[in-house]
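Read the structure below first, then the notes.
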Amino acid sequence: MTKIIAMAGKGGVGKTTISALLINYLLAKGQTPILAVDADANANLNELLGLTVGLTIGQVRKELKGDMPPNITRDQYMEMKVHQALVEAKGFDLLTMGQPDGPGCYCAANQHLAMTMDHLAGNYRYILVDNEAGMEHLSRMNLRTIDYFFVISDPSARGILTAKRIAELTGPLRIEVKKQCLVVNRVPEPASPELMARINEAVSSADLPLGGLLPASPELVDQELAGRSYLKLDASVPVVAKAFAIFDQFLN
Ligand SMILES: Nc1ncnc2c1ncn2[C@@H]1O[C@H](COP(=O)(O)OP(=O)(O)O)[C@@H](O)[C@H]1O
Ligand SMILES: [Mg+2]
């Protein structure tokens with residue numbers, strides 16, 4: 001059975017960073033094949049994975065509005081184009097959603113997409129969705145269940161409150177979440193008692209157990225500046241070791 005993992009949290013908290021570290025982890029554990037979905041309009045997961053994106057789903061959706069080649073249905077066309085949009089790497093594929101529908105959305109395209117995703121999903125052991133702040137893409141892709149939901153926060157009181165609200169958002173979207181946790185990223189070490197009190201308060205008042213804390217990491221900054229893939233980061237790098245420990249705990 002394919003397991004769906006999703007990341008959520010406001011902009012800049014580390015969703016894409018943690019997504020890349022999670023792919024690194026799943027590859028290291030042989031938990032493949034993985035489908036990584038970049039569901040942020042401002043796509044950049046590919047950069048952290050050392051990949052170049054060609055076609056995005058947003059572009060495919062646009063094409064579906066126009067004339068079809070003869071002898072092909074829109075569903076078949078969507079399916080063909082989604083396969084073209086998949087960037088294949090060792091152990092995983094990457095699908096980039098790109099720009100959302102603007103005004104004048106061709107909504108049937110989303111139905112075609114949902115159908116294609118249903119076909120595609122079964123090919124993978126894990127599907128990891130790196131979301132933007134909202135989670136509309138999940139419903140567009142017809143992902144109705146999240147097996148593992150990571151809510152990421154920065155180490156601020158308001159950030160943690162936002163994380164708690166995001167965790168509560170999945171209900172109205174009619175997405176079933178099986179397991180969720182809070183990860184607080186870029187935490188100064190040692191974490192202050194005030195921050196820990198705030199985290200504990202959020203954790204106990206929402207059904208959002210603490211997955212763990214991640215430190216601010218100079219290695220991540222260097223890796224990004226050098227344009228090197230996060231998949232090349234070794235498990236001996238402190239932030240990677242801490243992230244792997246969180247994944248070990250939460251995914252098992
Ligand atoms: N633990 C960390 N240590 C150092 N830099 C980090 C850490 N987590 C994220 N960053 C940096 O913060 C910025 C935003 O992170 P990103 O993962 O893109 O956030 P999001 O996807 O939630 O918008 C990036 O430049 C990233 O390299
Ligand atoms: Mg991101």
Among the residues of the stretch 213-223, write down those that are surrounded by fewer than 18 Cβ atoms within 10 Å (Cβ to Cβ) and small (Gly, Ala, Ser).
-> ALA216
Within the stretch 135-169, restricting to residues that are β-branched (Val, Ile, Thr) and in contact (Cβ under 8 Å) with a residue 60 or more places away in the chain, the one that is farthest from GLY212 (Cα to Cα) is THR145
Taking the stretch 221-238, which residues are touching a residue at least 40 places away in the same chain (Cβ under 8 Å) and either touching a strand residue (DSSP E or B) at 6+ places or on another chain (Cβ under 8 Å) or closer than 24 Å to ARG158 by Cα (or both)?
-> none
Checking ALA109 against (1) touching a Gly at 6+ places or on another chain (Cβ under 9 Å); (2) not in a loop (DSSP other than H, G, I, E, B), the condition it does not meet | (1)
Pairs under 7 Å by beta carbon, first residue under 27 Å from THR17 (Cβ atoms) in the stretch 112-132, partner of a type in the set (S, T, N, Q) and assigned to a helix (DSSP H, G or I), six or more apart or different chains?
-> LEU128/SER19; ASP130/THR16; ASP130/SER19
Which condition breaks for VAL129 when tested against (1) more than 16 Å from ligand 2 (Cβ to nearest atom); (2) under 21 Å from PHE92 (Cβ atoms); (3) of a type in the set (A, V, I, L, M, F, W, C)?
-> (1)
Within the stretch 56-93, residues touching a strand residue (DSSP E or B) at 6+ places or on another chain (Cβ under 8 Å) and part of a loop (DSSP other than H, G, I, E, B) come out as THR56, LEU86, GLY91
Conditions (1) part of a loop (DSSP other than H, G, I, E, B); (2) in contact with an Asp or Glu (Cβ under 7 Å, 6 or more places away or on another chain); (3) not charged (D, E, K, R); number of the one not met by ASN123 | (2)
Just one of ALA202, ALA241 is surrounded by fewer than 14 Cβ atoms within 10 Å (Cβ to Cβ) and free of Cβ contacts under 8 Å to residues at least 60 places away in the same chain; which is it?
-> ALA241
Subset of the stretch 176-230 (residues that are of a type in the set (A, V, I, L, M, F, W, C) and within 16 Å of ligand 2 (Cβ to nearest atom)) = VAL183, LEU214, LEU220, VAL221
The residue that is farthest from ligand 2 (Cβ to nearest atom), considering only those in the stretch 132-163 that are hydroxyl-bearing (Ser, Thr, Tyr) and outside any helix (DSSP H, G or I), is THR145
Say we look at the stretch 92-113 and pick out the residues that are at pLDDT 80 or above and surrounded by fewer than 16 Cβ atoms within 10 Å (Cβ to Cβ); which of these is farthest from THR52 (Cα to Cα)?
-> GLN111
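Residues are listed down the side, and each one gets a yes or a no for (1) modelled with pLDDT of 95 or more; (2) in a loop (DSSP other than H, G, I, E, B); (3) in contact with a strand residue (DSSP E or B) (Cβ under 6 Å, 6 or more places away or on another chain); (4) over 20 Å from GLU132 (Cβ atoms):
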site	(1), (2), (3), (4)
LEU173	no, yes, no, no
VAL184	yes, no, yes, no
ARG198	no, no, no, yes
GLU219	yes, no, no, yes
Out of (1) at negative phi; (2) in contact with a Ser or Thr (Cβ under 8 Å, 6 or more places away or on another chain), the one GLY98 does not meet is (1)
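The values are calculated or read from the model by the stated rules, or taken from the named source; none is laboratory data. This structure is a prediction, so every number in the text was calculated from the model and none was measured. Methodologically, a virtual Cβ is constructed for each residue, glycine included, from the backbone with ideal geometry; neighbour enumeration extends over all protein chains shown.
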